[in-house]
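Here the structure comes first, spelled out in C-alpha cells, and everything after it is commentary.
FYI, it's all coordinate maths here, none of it is from the lab. It should be emphasised that the depicted structure is a prediction, and the values quoted were computed from it without experimental measurement. Here the Cβ positions follow ideal geometry from the backbone for every residue, glycine too, while neighbour counts run over all protein chains shown.
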Amino acid sequence: MRLPRRNISTSDRPAIAERTVWLATLAYALVYTVLGVDRYATYHAGADLGIFMQALQNPVQHFGNTLESGSHYLFHFSPILELLAPIVRLTHDPLALILAQALACGLVAPAIFAIARTRMDERLALGVAAIALLYPPLAGVTFTDFHENAFAAAGAAWLIVALDRRRYRLAALCAVVLLATKEDEAPIVAFFGLAAALWFARRHDRRGVIFGLATATAAVVVFAAYFSLVRPLVGATEAWNPLHFYAWNGSSTDGAGLDLRGRTTYTLEALVPLAFVPLTTSAALLALPGVAEVLGSRLSITYTMGQHYAAVWIGPLLIAFALGIARTARRDRARALLLVRVCTVLCVLDLAVASPTHWGHFLRARSAHDGALDRALARLPVDLDVGTFDEAYAHLGADPRAYSSAKALRPMVLDDLRYHSRTWDDVRTQVDAEIVAGRARVVSNDDGIRLIARSQ
C-alpha cells in the first residue's frame, strides 16, 4: 500500500527550513558537548576551565579565583557569568560550562540563516547556515576551554540581524549581552552603533539613527565605568593585566613582535574556508574592530586559531559571508550555489586536515592512568592548599585553594610524571630538588602520580 505523498506548500517551506536550522544547532551543541566532556575526562582541559569553575562558585567574592589572585573582575567585566553561577554552584560540574559554550556558539547559525533567508531562497540560506556550523574558527572557539567570549560571536551576529530587521528591542538585548560579556566588547558595540547610525541616516530612518547613537553612547559609558568604578570596587591596585598584550615598548620578552607570517596565516585561516566571499561586501568592515584586537596584540596566542579570541570577529564575518552570497545570488544563483558547495568542502577539509580543534591531540578513550588521576584527586580534601598542572587544576574547581602551574609551589603539590610542559617541568625540577634536600617528601605515588608535601 502506497501512502499519499504530502505536498509541502510554498508557505510551509520557510518554517521547515528554520526548524531544520534550529535542530542542526541543537545537534551541534550536543556533539561539541560530548567532545568537550571527552576532552575533560581524559585530562586535556586547561587552566581556563579551572578558573571559571572556581570563579563561578565564588560570586560573593566577585568571582574570586586563585590563578587571577582575586576577583575575575580585575581582569574582565563579565557580569553575564552571573547567569551561569547558580547552575555551577548547584552541580559543581564543568558539564554546565561545556554545554553553555556549545549552545552559545551554535546560536550563530540561526542568526546567519535569518539574515540569509530574507535575501535568497531556502536552499541557499540553509547552505549558508550549514557553513556557519562547519566554520573551523567557530569550531575552535566552541571546543576550547570555557571562556565568556563564547557569547560574543552569536551576540554580535544577532545584533546585526536585529538591526537589519529594525527590531530594536532584540537589538538592545543583544547589545546588553555583548556589553556584559567582556569589556573589549564595548568598543566593538560602539563601532556597531556608529555604523548603524550612519546606515540608518542614509535611509532617512530617524529611529534607527537614535538607536545607533544611543547604543554607541551606552558602550562608551560601560567601558569607562569598568575602569573608573568596577575595578576599584573589587580592589584593583595594579594596571589592567590585558595591557601586556599591547605593550609594544620593547620592555617585555614574551612577545612575538612583528610576526607578519603568523598574522598572515591567521588571516588566511579565517578567509580561505569562506573562499574570501566576505570581502565582496562592505559588511566585512563590521569585523574590523575584532580583527584589529587580535592582530594588534604582540602575543601570538591571540592570533592562533583554536583560542577563544577569534569569537570577537566571527559573528560579523559570517554575516558578511551571508551577504556576499546573497549579492552573488542576485546576479547568478548557480554561481552562488557553487560558492556554497566550495565553501562547504573547504570547511570540511580544514576540520579534517588542519582543524584548530586539534582533534588528534585532545580526543581519546579514557585510560587506566586517567582512573589513577581520578583517585588521586578524589583523595584530596576540599580546601587543601595544593598546586598542580593545568589539566588537573581543571578538575579542582570545587577547591577554593587549588592553584595551577604558574603558582603551583604550594604546601602540597600534585605531580604526574607522565605530564610534561615547559612550565610544569620547571616546577617538577624545583620540587625534586627539595625532595633531595629533605625539604619535601612524597606522601603517595600511584602510577607515577605523586602527592608531595613541602616544608614551609
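Antiparallel versus total DSSP beta bridges in the chain: what percent is that, nearest 5? DSSP beta bridges in the chain are roughly 70 percent antiparallel. Close amide-amide hydrogen proximity is noted between V443 and L451, I452, A453, each under 5 Å apart and 5 or more residues distant or on a separate chain (H modeled in the peptide plane; Pro and chain starts excluded). Here the ratio of the Cα radius of gyration of the chain to 2.2 N^0.38 Å is 1.06.
Summing Cβ point charges (Lys, Arg +1; Asp, Glu -1) relative to the Cα centre of the stretch 368-454 gives a dipole of roughly 300 debye. Compactness of the stretch 368-454 was expressed as the Cα radius of gyration divided by 2.2 N^0.38 Å, which yields 0.97. When exposed loop sites are taken as chymotrypsin sites (Phe, Trp or Tyr not before Pro) in a DSSP loop with at most 16 other Cβ atoms within 10 Å, the longest stretch of the chain clear of them is 1-239. Put simply, when 438-447, 103-112 are sorted by average Cβ atoms within 10 angstrom per residue, most first, you get 103-112, 438-447. Among the trypsin sites (Lys or Arg not before Pro) in the stretch 181-241, those placed in a DSSP loop whose Cβ has at most 16 other Cβ atoms within 10 Å are R203. When the alpha-carbon atoms of the stretch 130-186 are used, the pair Rg, Dmax equals 12.3, 35 angstrom. Among G235, G438, L451, whose Cα lies farthest out toward the positive end of the dipole of the chain, if unit charges sit on the beta carbon of Lys, Arg (+1) and Asp, Glu (-1)? Checked the options; the winner is G235. Tell me, rounded to the nearest percent, the portion of alpha carbon pairs in the stretch 316-442 spaced more than 27 Å apart. Beyond 27 Å sits 47 percent of the P(r) for the stretch 316-442.
Sum -39500 (n - 2.57) across every DSSP H segment of at least 4 residues in the chain, then divide by the residue count to get the 222 nm mean residue ellipticity, nearest 500.
Estimated from H runs of four or more residues: -17500 deg cm²/dmol.
Dipole magnitude for the chain: computed about the Cα centre from +1 point charges on Lys and Arg Cβ and -1 point charges on Asp and Glu Cβ, it is near 2200 debye. Summarised as an ellipsoid, the stretch 67-152 has semi-axes of 32, 13, 12 Å, derived from the eigenvalues of the Cα gyration tensor scaled by 5 and square-rooted, with the largest first.
Helices that extend 27 Å or more along their long axis by alpha-carbon positions and average at least 0.0 on the Kyte-Doolittle scale are, among the DSSP H runs of the chain, 12-41, 206-225, 311-331, 333-353.
Of the residues S300, S421, the one with the fewest other Cβ atoms within 10 Å heads the list, and the complete ranking is S421, S300. How big is the antiparallel share of DSSP beta bridges in the stretch 368-454, given as a percent to the nearest 5? Close to 70 percent. With Cα atoms as the point set, the stretch 10-143 shows a radius of gyration and Dmax of 17.9, 59 Å.
The local environment of V209, defined by Cβ-Cβ distances under 14 Å, has a net charge of +4 under the rule Lys, Arg +1 and Asp, Glu -1. Taking the charge dipole of the chain about its Cα centre, with +1 at Lys and Arg Cβ atoms and -1 at Asp and Glu Cβ atoms, the residue from A354, G50, G208 reaching farthest to the positive side is G208.
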